[in-house]
Amino acid sequence: MSDIITKAVIPAAGLGTRMLPIARTVPKEMLPIVDKPAISYLVEEAAASGITDILIVTGRNKNAIEDYFDYSPEYEQKLISAGKSTLVKQLRSVCTKANISFIRQLEPKGLGHAVYKAKAFIEDQPFAVLYGDDIIFSETPVVKQLTDLYAKYRLGVLGVKHVSKAQIMRYCTLDATRIEENIYKVTDMIEKPTEEQIITDLAILGRTVLNPEIFDILENTPPGAGGEIQLTDAMKVTANRHSMIACDFEGVRYDMGSKLGFLTANVEQGLLSEEVGEEFRKYLKNLVNTL
């Protein structure tokens, strides 16, 4: 089994109930940060990390995701006619950054079930998982941070952050021991722990690198928190058997599955935009002064 990771899975089948009512008709993964949908940033991060093949797991009413990664003849012809052919290259670039495939999760059975749908695609290779809700801006792509650690330790790798008690109880808690400055050895984890079950304030946020044995574990993982098949429950088995590595990654993470995360991402990244950042900053200053 190679330690060079070229495949990634992006689960994007969730209903997005925290983003209702818009999530009824617009996939939350297609909500924009400035002028690009969230899922575009995930594909770009994966490609920048050396990933060549990506499987996006979708669900009902998510056709817009597939359409985004296709060419747009109508727009292209309009741009060419207007003498803006360079924009055509920009529009096409996201479609060709990697080989992108799609599969549907026919029932909303949880993140673990969505990842299991990638079994045939992954075959016997280690692979990255980029959670559809989590957009992370960093100097070194987070997937690259994790795949480098996989090459070093040959163990599954978790992207983690220190979070509040309230967040831990919504996410998970890890039994983790520091082995380097921002690197930990993980031997256990609990999905959505009660306050009494909290082990540390480290939680998995948005990125993992897994060995293909996870599929055999998922096949025998019963429904857990929320009545869904939880990826964390399967990774717990891996951590108990072999241990895993956790990386307190470098980067700013936005939860695009929440209204506050969506607004925060657009304000902060809008201020950094070369196109509108300066005018947006002036607008915000004027707005604050009038409140």
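The values are calculated or read from the model by the stated rules, or taken from the named source; none is laboratory data. Given the structure is predicted, the values throughout are model-derived calculations rather than measurements. Cβ atoms come from the backbone with ideal geometry, glycine included; neighbour counts cover every protein chain shown.
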Exercise. List the pairs whose first member sits in the stretch 68-89 and is more than 24 Å from E29 (Cβ to Cβ) and among the small types (G, A, S), whose second member is surrounded by 12 or more Cβ atoms within 10 Å (Cβ to Cβ) and modelled with pLDDT under 90, and whose Cβ atoms are under 9 Å apart, counting only residues at least 6 apart or on separate chains?
Worked result: S85/E76; S85/L79
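Kindly provide the set of residues from the stretch 5-28 that are under 15 Å from the mean Cα position of the chain (by Cα) and either closer than 27 Å to D148 by Cα or of a type in the set (S, T, N, Q) (or both), ordered by number.
Just the residues of the stretch 5-28 that are under 15 Å from the mean Cα position of the chain (by Cα), to begin with: 7-14, 16, 27-28.
Answer for the stretch 5-28, where residues must be under 15 Å from the mean Cα position of the chain (by Cα) and either closer than 27 Å to D148 by Cα or of a type in the set (S, T, N, Q) (or both): K7, A8, V9, I10, P11, A12.
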Problem set entry | Filtered residue count, the stretch 197-213, keeping only those that are free of Cβ contacts under 8 Å to residues at least 40 places away in the same chain and farther than 17 Å from Y150 by Cα | 5
For this session: Could you give me the residue pairs with C-beta distances under 8 Å whose first residue belongs to the stretch 181-195 and is at pLDDT 95 or above and of a type in the set (D, E), whose second residue is in a strand (DSSP E or B) and surrounded by 14 or more Cβ atoms within 10 Å (Cβ to Cβ) wherever it lies, and which are 6+ apart or on separate chains?
Result: D188/L174; D188/D175
Exercise. Is it the case that the stretch 219-230 has a residue that's in contact with a helix residue (DSSP H, G or I) (Cβ under 8 Å, 6 or more places away or on another chain), modelled with pLDDT of 95 or more and not aromatic (F, W, Y)?
Worked result: no
Seminar exercise, completed: Within the stretch 1-50, the count of residues that are under 30 Å from G277 (Cα atoms), polar (S, T, N, Q) and in a helix (DSSP H, G or I) comes to 1
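Looking only at residues that are hydrophobic (A, V, I, L, M, F, W, C) and more than 17 Å from R207 (Cα to Cα) in the stretch 151-175, which one is surrounded by the most Cβ atoms within 10 Å (Cβ to Cβ)? Steps first, please.
Of the residues in the stretch 151-175, the ones hydrophobic (A, V, I, L, M, F, W, C) are 151, 155, 157-158, 160, 163, 166, 168-169, 172, 174.
Cutting the leftovers down to more than 17 Å from R207 (Cα to Cα) gives us 166, 169.
Numbers: A166: 9, M169: 17.
Going through the qualifying residues, I end up with M169.
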Problem set entry | Selection count where residues are over 26 Å from V237 (Cα atoms) and surrounded by 20 or more Cβ atoms within 10 Å (Cβ to Cβ), scope the stretch 99-116 | 1
For this session: Would you be able to say whether some residue in the stretch 274-285 is touching a residue at least 24 places away in the same chain (Cβ under 8 Å), in contact with a Pro (Cβ under 8 Å, 6 or more places away or on another chain) and surrounded by 12 or more Cβ atoms within 10 Å (Cβ to Cβ)?
Result: no
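Would you confirm, using the coordinates I've provided, whether S72 is under 30 Å from A118 (Cβ atoms) and surrounded by fewer than 12 Cβ atoms within 10 Å (Cβ to Cβ)? Break it down stepwise before answering.
Numbers: under 30 Å from A118 (Cβ atoms): yes; surrounded by fewer than 12 Cβ atoms within 10 Å (Cβ to Cβ): no.
Spelling it out, it is not the case that S72 is under 30 Å from A118 (Cβ atoms) and surrounded by fewer than 12 Cβ atoms within 10 Å (Cβ to Cβ).
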Seminar exercise, completed: Scanning the stretch 11-60 residue by residue, those among the polar types (S, T, N, Q) and in contact with a helix residue (DSSP H, G or I) (Cβ under 8 Å, 6 or more places away or on another chain) turn out to be T17, S40, S49, T58
Exercise. Could you count how many residues in the stretch 263-284 are under 26 Å from P27 (Cβ atoms) and either of a type in the set (S, T, Y) or not in a helix (DSSP H, G or I) (or both)?
Worked result: 4
For this session: Search the stretch 231-246 for residues that are at positive phi and pair each with any residue that is crowded, with 22+ Cβ neighbours inside 10 Å when their beta-carbon atoms are under 7 Å apart and the residues are at least 6 apart or on different chains.
Result: S243/V186
Seminar exercise, completed: Taking the stretch 188-238 and keeping only residues that are assigned to a strand (DSSP E or B) and crowded, with 17+ Cβ neighbours inside 10 Å, one is left with M189, I190, E191, L202, A203, I204, L205, G206, R207, T208, V209, L210
For this session: Please indicate, with yes or no, whether at least one residue in the stretch 52-63 is closer than 16 Å to V209 by Cβ, among the β-branched types (V, I, T), out of contact with any Leu (no Cβ under 9 Å at 6 or more places or on another chain) and modelled with pLDDT of 95 or more.
Result: yes
For this session: Could you list, in sequence order, all residues of the stretch 239-262 that are more than 14 Å from E191 (Cα to Cα), over 18 Å from the mean Cα position of the chain (by Cα) and assigned to a helix (DSSP H, G or I)?
Result: N240, R241, H242
Exercise. For the stretch 117-171, how many residues are out of contact with any Asp or Glu (no Cβ under 9 Å at 6 or more places or on another chain), of a type in the set (A, V, I, L, M) and more than 19 Å from I4 (Cβ to Cβ)?
Worked result: 3
